[in-house]
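Taking it in order: structure first as structure tokens, then the write-up.
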Amino acid sequence: MIDQQIEIPTKDGHTTTFISHPERGGPFPVIIFYMDAPAIREELRDMARRLATSGYYVMLPNLYYRSGVMEIGPIPPDPDAPERKRMFGFMNSINIPLVMEDTAALLAYADKQPAANAKIVGTVGYCMSGRYSINAATHFPDRVKAAASIYGTHLATDQPDSPHLAASKTKAELYFGCAETDIYAPQEIIDKVMASMKGANAEVEIYPGTHHGFAFPKRPVYNRDAAERHWERLLALYRRNLSK
């Protein structure tokens, strides 16, 4: 495996991006892995590596570069902790249009890499980035063939770029993996997503007995069985749609 950290130029500066892919056998389909709110950390790099070992060129960009930060450190569970408030400030400093600009920059970089096949793209986003992963499929419909949101937030809003409206805007296969108990994505939101995805090339799956964050090994809510099921679903989604 080849790991590297690259400064990729964007409209607003440079995003430090972790890239992992197999040493031989490319070019590989590209997967853009959008980070969750606690930002870049070794836990996410390890997840990116796991994806890459299945034969993908995985890009994990720092979405907080406009704020001049990348790794923000451990986030205490106390909702009033200053570290948590700081994290929410970073999270609220970005939005779908900005992240789609960054996605265009990532794809432009991948277009020039011999190890990458940027004409075949998959995406995945966790927590705050589920909406970004799904929107990548609607903004880059000729490239993104599969998009996954894992316990994504803001999935059904009153905006035209709401993820629950995505099915009519892309031919990509969409997957929504949802925690059974999630204060950031309550059941009424999931019900809206389910209703809007009926008849589409999409699946909305609720993971029983899980809480928001269940796929992250370092979280207290980590659920090994559910996390492994999410990996199975994710890799199967990509196998179906990202053939060379």
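Taking region 38-64, which residues are hydroxyl-bearing (Ser, Thr, Tyr), open to solvent by less than 50 Å² (accessible area, probe 1.4 Å) and in contact (Cβ under 8 Å) with a residue 40 or more places away in the chain?
TYR56, TYR57
Taking the condition of being of a type in the set (A, V, I, L, M, F, W, C), within 23 Å of LEU106 (Cβ to Cβ) and either free of Cβ contacts under 8 Å to residues at least 24 places away in the same chain or part of a helix (DSSP H, G or I) (or both), how many residues in region 135-186 meet it?
Qualifying residue count, region 135-186: 3.
If we scan region 100-107, do we find a residue that is open to solvent by 40 Å² or more (accessible area, probe 1.4 Å) and over 19 Å from ARG45 (Cα atoms)?
yes
Would you be able to tell me the number of residues in region 50-65 that are over 14 Å from the mean Cα position of the chain (by Cα) and more than 13 Å from THR16 (Cα to Cα)?
7
Quick one: would you say PRO79 is over 17 Å from the mean Cα position of the chain (by Cα) and free of Cβ contacts under 8 Å to residues at least 40 places away in the same chain?
yes
Among the listed residues VAL124, VAL144, VAL193, identify the single one that is crowded, with 23+ Cβ neighbours inside 10 Å and in contact with a His (Cβ under 6 Å, 6 or more places away or on another chain).
Within the list VAL124, VAL144, VAL193, the selection yields VAL193.
Under the condition of being among the charged types (D, E, K, R) and at pLDDT 90 or above, which residue from region 65-79 is surrounded by the fewest Cβ atoms within 10 Å (Cβ to Cβ)?
Of everything passing the filter in region 65-79, GLU71 is surrounded by the fewest Cβ atoms within 10 Å (Cβ to Cβ).
Do you know which of the residues in region 198-221 that are surrounded by fewer than 18 Cβ atoms within 10 Å (Cβ to Cβ) and among the aliphatic types (A, V, I, L, M) is nearest to VAL144 (Cα to Cα)?
Looking at the filtered set, the residue picked out is ALA200.
List pairs: first residue in region 1-18 and farther than 19 Å from GLY55 by Cβ and open to solvent by 60 Å² or more (accessible area, probe 1.4 Å), second residue modelled with pLDDT of 95 or more and among the hydrophobic types (A, V, I, L, M, F, W, C) anywhere in the structure, Cβ distance under 8 angstrom, at least six positions apart or on different chains.
Taking only residues 6 or more apart or on different chains, the pairs are GLN5/PHE18; GLN5/ILE19; PRO9/ALA105; LYS11/ALA105; ASP12/LEU98; HIS14/ILE8.
Residue under question is LYS85, and the condition is that it be at negative phi, of a type in the set (Lys, Arg), open to solvent by 40 Å² or more (accessible area, probe 1.4 Å) and modelled with pLDDT of 95 or more; does it hold?
Here the answer is no, as LYS85 does not meet what is asked.
The values are calculated or read from the model by the stated rules, or taken from the named source; none is laboratory data. In this text, all values refer to a predicted model and were calculated from it rather than measured experimentally. Glycine also receives a Cβ, built like all others from the backbone with ideal geometry; neighbour counts cover every protein chain displayed. Accessible surface areas use protein heavy atoms only, side chains included; no ligands, DNA or RNA. Shrake-Rupley method; radii C 1.70, N 1.55, O 1.52, S 1.80 Å.
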